[in-house]
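Let me begin by presenting the structure, written as structure tokens, before commenting on it.
The values are calculated or read from the model by the stated rules, or taken from the named source; none is laboratory data. A quick note: this is a predicted structure, and the numbers were derived from the prediction, not measured. Here Cβ is always computed from backbone atoms with ideal geometry, including for glycine, and neighbour counts include all displayed protein chains. To get the accessible areas, we keep the full protein, side chains included, count just its heavy atoms, and leave off ligands, DNA and RNA. Shrake-Rupley method; radii C 1.70, N 1.55, O 1.52, S 1.80 Å.
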Amino acid sequence: MEGVLVLNHNYQPLNVTNVRRAIGLMCLGKAHVLETDSRVFRSERMEIKMPTVLRLNHYVRRPTPVLRISRKAVFARDNYTCQYCGARNVPLTIDHVIPRERGGKTEWTNVVCCCTKCNNRKGNLTPEQAGMKLRRKPTRPKFIPYISYTKFLSAARNPAWRPYLEPYADLPPLQ
Ligand SMILES: [Zn+2]
């Protein structure tokens, strides 16, 4: 994973930035390095181990935005996996567990990632009526949403960053 994970002073993940900006933060005395990897960053002025995780020296107050539901975010929450049959790498769509025609709402607890095959099979039925079973109950992601949800989940696939992100989200298992 390219980039540098930036944590607030209280270790909340704030951003993923590029190496130049990360080094800028360090040179200004705004952040210090928590993790490096085996690569080396060289410039005219310095030669240092490549930073991969930074922590700000002071707490930065940021407003907490609301995590909005979107197709992309639901796919990411469900790890791009059909929540009925478990298929991956197939055409995916959004399924309303309780169909809209039956009063089901577009909210985190009623939408799941679904393959087009299962979606067609289920049609306008509830899972019980269609004889289908959800692999897990859909929930609103637990998440500190400074980083976009999809960016956050993709950052969490980096084993070096995962320990810093894990406390803030229900992460799908590493594959
Ligand atoms: Zn399916």
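What to note about this one:
- Residues satisfying the stated conditions in segment 18-47, i.e. open to solvent by less than 50 Å² (accessible area, probe 1.4 Å) and either of a type in the set (Val, Ile, Thr) or closer than 18 Å to LYS151 by Cβ (or both): VAL19, ALA22, ILE23
- The test for being farther than 18 Å from GLY3 by Cβ and modelled with pLDDT of 90 or more does not hold for VAL53.
- Residues that are without any contact (Cβ under 8 Å) to a residue 40 or more places away in the chain, open to solvent by less than 50 Å² (accessible area, probe 1.4 Å), of a type outside the set (A, V, I, L, M) and not in a loop (DSSP other than H, G, I, E, B) within segment 98-137 comprise CYS113, CYS114, CYS115, CYS118, ASN119, LYS122, listed in sequence order.
- Members of segment 87-97 that are assigned to a loop (DSSP other than H, G, I, E, B) and either of a type outside the set (Val, Ile, Thr) or open to solvent by 40 Å² or more (accessible area, probe 1.4 Å) (or both): ALA87, ASN89, VAL90, PRO91
- Hits in segment 1-17 - residues which are open to solvent by 30 Å² or more (accessible area, probe 1.4 Å) and within 18 Å of the chain's Cα centre (by Cα): MET1, GLU2, TYR11, GLN12, ASN15
- Flag if ARG68 is of a type outside the set (Asp, Glu) and open to solvent by 30 Å² or more (accessible area, probe 1.4 Å): yes
- The condition (being among the aromatic types (Phe, Trp, Tyr) and open to solvent by less than 90 Å² (accessible area, probe 1.4 Å)) is satisfied by just one residue among TYR59, TYR84: TYR84.
- When segment 159-175 is filtered for residues that are surrounded by 17 or more Cβ atoms within 10 Å (Cβ to Cβ), touching a Leu at 6+ places or on another chain (Cβ under 8 Å) and either under 22 Å from VAL33 (Cβ atoms) or at pLDDT 85 or above (or both), the ones remaining, listed by number, are TRP161, TYR164, LEU165.
- Qualifying residue in segment 110-117 (condition: of a type in the set (S, T, N, Q), closer than 15 Å to ARG68 by Cα and at pLDDT 95 or above): yes
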